[in-house]
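Data first, discussion second: the structure below is written as structure tokens.
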Amino acid sequence: MSPVSRRDFLTTSATAAAGLVVALHLPLSSEAESAEFAPNAYVHISPEGKVTIVVARSEMGQGVRTSLPMILAEELDCDFSQIAIEQAGASTLFGDQTTGGSASVRTCWDPMRKAGAQVRAMLVSAASAHWKVDSSGCTTENGFVIHAASNRKASYGSLVGAAAKLPVPAEPKLKDAKDFKLIGKPKQRLDTKSKTNGSAIFGIDFKVPGMKYAVLVRAPKFGATVKSVDDARAKGVAGVTHVEKIGDSAVAVVADSVWAAMSGRRALKVTWNNGENATLDSEAVSQSLREAAKKKGVALFNAGDVAKGAGKKVEAEFETPFLAHAPLEPGNCTAQFRGDSCELWAPTQVPQDVRDSVAAALNLKPEQVKVNVTLMGGGFGRRLEHDYGVEAALVSKAVNLPVKVIWTREDDMKYSTYRPVSLHQISAHVGADGYPTELTHRIISPSISRQKGTKLDDGIDPDLKDEGAFIYPVANVLLEYVDLDTAVPLGWMRSVYASQVAFANECFLDELAEVAGKDPLEYRLHLLREDKEIKFWDTTWSTARMRGVLKLAAEKAGWSKPVASGRFRGIAAHACFGSYVAEVVEISRNEDQPKIERVVVAADCGTVVNPNILEQQLHSAVVFGLTQTLYGKITVQGGAIAQANFGDYQLLRNADMPVIETHFVESSEAPSGIGEPPVPPMAPALCGAIYAATKKRVRALPILT
């Protein structure tokens, strides 16, 4: 894993986006009149007028292969129904290509707009020069340059030869938002047809002529290593061609088919050195959190002086478990080692990191490794890891053949990386009016970044700076962070620390509201009553925007009206990845369990590029958040993960789906993240509804175990 934090990527990308010009000028030969016109890395146009837009982020279901082309096509004024999409592999042309942190649209917004505007300006210049008219009199529409005064028009394809000879404008004029024709309009996904008729190629579908299949036996305990291998029976399985030790903690069985490889794996005998974590279990992990809580933390956020707090003291403790990403398509990668080079076809969120890790593993230079990015069946952060790519490359090298490594569902559940556990100790002093005079929140959780080799910032996991913002302007606030070590492999998961922090903060606000005798919404709005900007590391948050989503969610949910008989409601909000989201959850009681009836989501994520896709993202986040809140828990037993499949790691099912309503705050701000921000408010909003129904507080997740 590259020792670059997720937050480093986001910060770098945002900075790059702000000043990024369109990546590179790809000069065309002046003689190449019939060649494609490609003045930058994001788009090329054929002489026949075919517009191809290059997407440099990974498609894992979130719609970037539609939303990013919309941004460029808006400025280019081409016919969106006729464009073609090209997926970029690992490249130096696009800056950091990591897909994560709800960053694709917000970091590509400026570069894609400039790319489209750049090409449009060159086509207009070519047409105006040919017609000998002033370019200001030319307009563009649906792939044509038009000069209305002389009633002339020219297709983009007819202009590419002349346009290619013009200089590329560094700062082309961008459209005014009022002139947008695509942005803000619902558009169907461009890849829906291929995904519904089965022609779309996901990583697990990819094939190379002569390819073998491999499954691996992996270390059964955290940190275990291979002691010895008896491969006699495995090699006797029909179709098994190779058995190879891969690194210190895995053995690959290579075969002509997946079935043969899995059969060979069952026949393989591996003896292990179990190491020092062979007895680790969840109880010990939980105890380690409480031991760490005795240590002094480092300040994540500090406003005022909590020692000045006065009044009644209220305190509570919250705990969250390990979670698995559990994408429906398990890990896989196809690799072809060719001696002095290696090519991969990988469903990855980090093509450049996979390239670099594979190069290091094979003792090659990065430029000797080519990474092709395939579609992927879900990511949620799991595909920020490089493990399956490196495995495929090493196995291919070991057998000198193209190989597809496939993780089974059980492999993915038991040998993955996991969202870390956390413990939250929160206290506040409240005055006579019931509102806090100080609030202290101690966050105890293993650091993902530190485990992956990134140095913490004065003891703070850098991702907490993006995800742990406390936007309620209490006069005296202290957020502390306490790191601790764990043998359990950690990974970034959709919303990362934000889901943990919001669960604790928002549930605690409900408890404060009860102490004050206030309605939970009224209590929050009172805290947010003044327009203020709150600086939390390098992001400035707005109380007005936080208040806006709370009001919108409450209005659409009918919060001011009595809830229907037998129904109960909770409300919560959180801001992260540049966006603000509030949710109202409405439940009924199904014997001793909550039945989720309705979820109302209000989001402020700046300019909405495609309402259709954003609505889908919000629905997805509701399902993801409810799954975590109701069922999500990974258990450690005997130095290993106890769960193995969806039978013991339940996802939300169709019968459990509530009615979901989504609403957006109108905004002219640049787009911000939306894949992750709707996840954090789900748990506290649901817990608020459960309290309304039962008068019992939920302080540990998941609810239904």
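Can you tell me which residues in the range 244-262 are in contact with a Leu (Cβ under 9 Å, 6 or more places away or on another chain) and either among the β-branched types (Val, Ile, Thr) or surrounded by fewer than 20 Cβ atoms within 10 Å (Cβ to Cβ) (or both)? Passing the criteria: GLU244, ILE246, GLY247, VAL251, VAL253, VAL254.
So, of the residues in the range 32-49 that are modelled with pLDDT of 95 or more and touching a Gly at 6+ places or on another chain (Cβ under 6 Å), which turns out to be farthest from VAL119 (Cα to Cα)? Show your work before the answer.
As a first pass, look at the range 32-49 and keep what is modelled with pLDDT of 95 or more: 37-49.
If we keep only those that are touching a Gly at 6+ places or on another chain (Cβ under 6 Å) as well, we get 47-49.
Numbers: PRO47: 14, GLU48: 16, GLY49: 13 Å.
Of everything passing the filter in the range 32-49, GLU48 is farthest from VAL119 (Cα to Cα).
Evaluating ALA689 against the criteria (1) buried (at least 23 other Cβ atoms within 10 Å of the Cβ); (2) within 21 Å of the chain's Cα centre (by Cα) leaves one unmet condition, (2).
Quick check on my filter: what residues within the range 601-637 are assigned to a loop (DSSP other than H, G, I, E, B) and either of a type in the set (Asp, Glu) or open to solvent by 10 Å² or more (accessible area, probe 1.4 Å) (or both)? Across the range 601-637, the qualifying residues are THR607, VAL608, TYR631, LYS633, THR635.
ARG450 satisfies every condition listed in (1) over 23 Å from the mean Cα position of the chain (by Cα); (2) assigned by the TED database to the domain that holds PHE503 except (1). Taking the criterion of being among the hydrophobic types (A, V, I, L, M, F, W, C) and either open to solvent by less than 10 Å² (accessible area, probe 1.4 Å) or in contact with a helix residue (DSSP H, G or I) (Cβ under 8 Å, 6 or more places away or on another chain) (or both), the residues of the range 503-526 that qualify are PHE503, ALA504, CYS507, PHE508, LEU509, LEU512, ALA513, ALA516, LEU521, LEU525. Only one of the listed residues (ALA602, ALA573) is modelled with pLDDT of 95 or more, touching a Lys or Arg at 6+ places or on another chain (Cβ under 8 Å) and under 14 Å from GLU661 (Cβ atoms). That residue is ALA602. Every listed requirement among (1) in the same structural domain as ASP387 (by the TED database); (2) over 30 Å from VAL395 (Cβ atoms) is met by ASP176 save one, (1). LEU456 meets the conditions (1) among the hydrophobic types (A, V, I, L, M, F, W, C); (2) more than 22 Å from ALA683 (Cα to Cα); (3) touching a residue at least 60 places away in the same chain (Cβ under 8 Å) in every case but one. The failed one is (3). Say we look at the range 650-705 and pick out the residues that are in contact with a Pro (Cβ under 8 Å, 6 or more places away or on another chain), of a type in the set (A, V, I, L, M) and part of a helix (DSSP H, G or I); which of these is nearest to GLN616 (Cα to Cα)? Checking each candidate, the answer is LEU686. The single condition among (1) closer than 14 Å to MET682 by Cβ; (2) hydrophobic (A, V, I, L, M, F, W, C); (3) part of a helix (DSSP H, G or I) that LEU552 does not satisfy is (1).
Residue count for the range 423-447, restricted to those that are under 18 Å from MET493 (Cβ atoms) and either surrounded by fewer than 20 Cβ atoms within 10 Å (Cβ to Cβ) or not aliphatic (A, V, I, L, M) (or both): 4.
Which of the residues spanning the range 114-133 are without any contact (Cβ under 8 Å) to a residue 24 or more places away in the chain and farther than 21 Å from PHE180 by Cα?
Residues of the range 114-133 without any contact (Cβ under 8 Å) to a residue 24 or more places away in the chain: 124, 128, 131-133.
Within the range 114-133, SER128, TRP131, LYS132, VAL133 meet the criteria.
Can you tell me which residue in the range 624-658 is nearest to ALA700 (Cα to Cα), limited to those that are over 24 Å from the mean Cα position of the chain (by Cα) and aliphatic (A, V, I, L, M)? The residue in question is VAL636.
Check the range 452-462 and report whether any residue there is crowded, with 22+ Cβ neighbours inside 10 Å and acidic (Asp, Glu). Checking the range 452-462: at least one residue is crowded, with 22+ Cβ neighbours inside 10 Å and acidic (Asp, Glu).
For every residue, the table says whether it meets (1) closer than 29 Å to ASP412 by Cβ; (2) touching a Cys at 6+ places or on another chain (Cβ under 7 Å); (3) touching a residue at least 60 places away in the same chain (Cβ under 8 Å); (4) loosely packed, with under 14 Cβ neighbours inside 10 Å.
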{"position": "GLY647", "(1), (2), (3), (4)": "yes, no, no, yes"}
{"position": "PRO658", "(1), (2), (3), (4)": "yes, no, yes, no"}
{"position": "ALA670", "(1), (2), (3), (4)": "no, no, yes, no"}
{"position": "VAL679", "(1), (2), (3), (4)": "yes, no, yes, no"}
{"position": "ALA693", "(1), (2), (3), (4)": "no, no, yes, no"}
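Taken as a whole, the condition of being surrounded by fewer than 19 Cβ atoms within 10 Å (Cβ to Cβ) and touching a strand residue (DSSP E or B) at 6+ places or on another chain (Cβ under 9 Å) does not apply to LYS221.
Does the range 277-295 contain at least one residue that is under 23 Å from ASP463 (Cβ atoms), in a loop (DSSP other than H, G, I, E, B) and open to solvent by 20 Å² or more (accessible area, probe 1.4 Å)? There is at least one residue in the range 277-295 that is under 23 Å from ASP463 (Cβ atoms), in a loop (DSSP other than H, G, I, E, B) and open to solvent by 20 Å² or more (accessible area, probe 1.4 Å).
You will find that of VAL119, VAL145, the residue that is among the β-branched types (Val, Ile, Thr), assigned to a helix (DSSP H, G or I) and at pLDDT 95 or above is VAL119 and no other. Going residue by residue through the range 464-471, is there one that turns out to be touching a Cys at 6+ places or on another chain (Cβ under 8 Å) and not in a loop (DSSP other than H, G, I, E, B)? Yes - at least one qualifying residue is present in the range 464-471.
Enumerate the helices (runs of 4 or more DSSP H) found wholly within the range 304-422, keeping only those where 1 or more residues are in contact with a Gly (Cβ under 8 Å, 6 or more places away or on another chain), open to solvent by 10 Å² or more (accessible area, probe 1.4 Å) and farther than 30 Å from LEU478 by Cα.
Details: elements: 351-362, 387-399, 409-414.
The qualifying helices (runs of 4 or more DSSP H) are 351-362, 387-399.
For the range 73-92, filtering for residues that are at pLDDT below 95 and in a loop (DSSP other than H, G, I, E, B) leaves 1.
Residue check: is THR241 surrounded by 19 or more Cβ atoms within 10 Å (Cβ to Cβ) and β-branched (Val, Ile, Thr)? For THR241, the condition - surrounded by 19 or more Cβ atoms within 10 Å (Cβ to Cβ) and β-branched (Val, Ile, Thr) - is not met. When the range 142-163 is filtered for residues that are of a type in the set (S, T, N, Q), open to solvent by less than 70 Å² (accessible area, probe 1.4 Å) and in contact (Cβ under 8 Å) with a residue 24 or more places away in the chain, only SER155 remains. In the condition set (1) crowded, with 22+ Cβ neighbours inside 10 Å; (2) in contact with a Pro (Cβ under 8 Å, 6 or more places away or on another chain); (3) farther than 19 Å from VAL622 by Cβ, ALA572 is compliant with all but (3).
Looking at this structure, is SER136 outside any loop (DSSP other than H, G, I, E, B), open to solvent by 50 Å² or more (accessible area, probe 1.4 Å) and within 19 Å of ILE45 (Cα to Cα)?
Numbers: outside any loop (DSSP other than H, G, I, E, B): yes; open to solvent by 50 Å² or more (accessible area, probe 1.4 Å): yes; within 19 Å of ILE45 (Cα to Cα): no.
No: the conditions fail for SER136.
So which residues in the range 224-238 are surrounded by 17 or more Cβ atoms within 10 Å (Cβ to Cβ) and either assigned to a loop (DSSP other than H, G, I, E, B) or free of Cβ contacts under 8 Å to residues at least 12 places away in the same chain (or both)? Once the filter is applied, which keeps residues that are surrounded by 17 or more Cβ atoms within 10 Å (Cβ to Cβ) and either assigned to a loop (DSSP other than H, G, I, E, B) or free of Cβ contacts under 8 Å to residues at least 12 places away in the same chain (or both), the range 224-238 yields ALA224, ASP231, VAL237.
Consider LEU614 carefully, then state whether it is touching a residue at least 12 places away in the same chain (Cβ under 8 Å), among the hydrophobic types (A, V, I, L, M, F, W, C), on the phi < 0 side of the Ramachandran plot and outside the structural domain of GLN425 (by the TED database). Against the criterion (touching a residue at least 12 places away in the same chain (Cβ under 8 Å), among the hydrophobic types (A, V, I, L, M, F, W, C), on the phi < 0 side of the Ramachandran plot and outside the structural domain of GLN425 (by the TED database)), LEU614 does not qualify.
The values are calculated or read from the model by the stated rules, or taken from the named source; none is laboratory data. Source: prediction; values computed, not measured. Don't worry about glycine lacking a Cβ; one is built from the backbone with ideal geometry, like all the others, and counts go over all protein chains shown. Surface accessibility is based on the protein's heavy atoms, side chains included, excluding ligands, DNA and RNA. Shrake-Rupley method; radii C 1.70, N 1.55, O 1.52, S 1.80 Å.
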